[in-house]
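One structure is given here, and the rest of the page talks about it.
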Amino acid sequence: KRKVIIDCDPGIDDSLAIMLALKSPEIEVIGITIVCGNSPVEMGFGNAKKILKQMNRLDVPVYIGESTPLRRDYVNALDTHGEDGLGESFLPEVTGYHQQISAVDFLADVLKKEKVSIIELAPMTNLARLIQKDKEAFSCIEEIVSMGGSFKSHGNCSPVAEYNYWCDPDAVAIVYDLFEKEGNIIHMIGLDVTREIVLTPNRLEYMCRLDKENGEFIRKITGFYMDFHWVQEGIIGCVINDPLAV
């Protein structure tokens, strides 16, 4: 079973990805690191805890990472994800459970101890800061799978730009450059791929039949997102930006 750390910015789509990862027998989620992106970092931290509570997995540690991109001004995506970052579901906060070290320090410590892959669902700011802090630890990453960029499709925050890479392009450049110099490959899952995976109303109904509790939870957090994608992309449903589903 492959050990993974999910670096994310929950966000509705990342919340769904966490739920899927925790149910996937092929991997073991040993930690979740939060970075600013779709939602501000403190909000993302709170949302990750809400998801873990829903999945009865509050044993998985969550660490707060970088609150701003490396150089450019931070621009969130709450217009897409709602005022609370979870589709304006306004779920109760999960109290306590605050880790004493930062996401970057957690990564630096764990990566030197065991083989771990990174599922990168967010801007790469945490990984870029890890390179600046401890390049040796970064070099220990077994594999990086990144939801970001686009190849054969239009962007979602400009005609050519995908949000995760647009939010902190300087971090992306640092991470890709070092990984390439070390002879490694980042598995990029772009928008053109994620647009092939749409959570439609019919699929949501089927999920509710298979698992009523989690299905209804997903219904609660995705209604706002489905409405957004209907207006923005003409899709009946919502695009799931999740490399786990590919």
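Tabulated results
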| item | result |
| --- | --- |
| Residue count for the stretch 142-154, restricted to those that are open to solvent by less than 10 Å² (accessible area, probe 1.4 Å) and free of Cβ contacts under 8 Å to residues at least 40 places away in the same chain | 0 |
| Residue match in the stretch 96-105 (condition: in contact with a helix residue (DSSP H, G or I) (Cβ under 7 Å, 6 or more places away or on another chain), among the hydroxyl-bearing types (Ser, Thr, Tyr) and open to solvent by less than 50 Å² (accessible area, probe 1.4 Å)) | no |
| Options 93, 66; residue that is over 27 Å from residue 215 (Cα atoms) and open to solvent by 20 Å² or more (accessible area, probe 1.4 Å) | 66 |
| The stretch 166-202, subset assigned to a loop (DSSP other than H, G, I, E, B) and surrounded by 15 or more Cβ atoms within 10 Å (Cβ to Cβ), residue modelled with the highest pLDDT | 168 |
| Residue that is nearest to residue 174 (Cα to Cα) [pool: residues in the stretch 106-133 that are part of a loop (DSSP other than H, G, I, E, B) and open to solvent by 30 Å² or more (accessible area, probe 1.4 Å)] | 112 |
| Residues satisfying the stated conditions in the stretch 48-77, i.e. assigned to a loop (DSSP other than H, G, I, E, B) and among the hydroxyl-bearing types (Ser, Thr, Tyr) | 67, 68, 74 |
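The values are calculated or read from the model by the stated rules, or taken from the named source; none is laboratory data. Quantities reported herein were computed from a predicted structural model and do not represent experimental measurements. Ideal geometry is used to build each Cβ from the backbone, glycine not excepted, and the neighbour counts take in all protein chains shown. These accessible areas exclude ligands, DNA and RNA; they are computed on the full protein's heavy atoms, side chains included. Shrake-Rupley method; radii C 1.70, N 1.55, O 1.52, S 1.80 Å.
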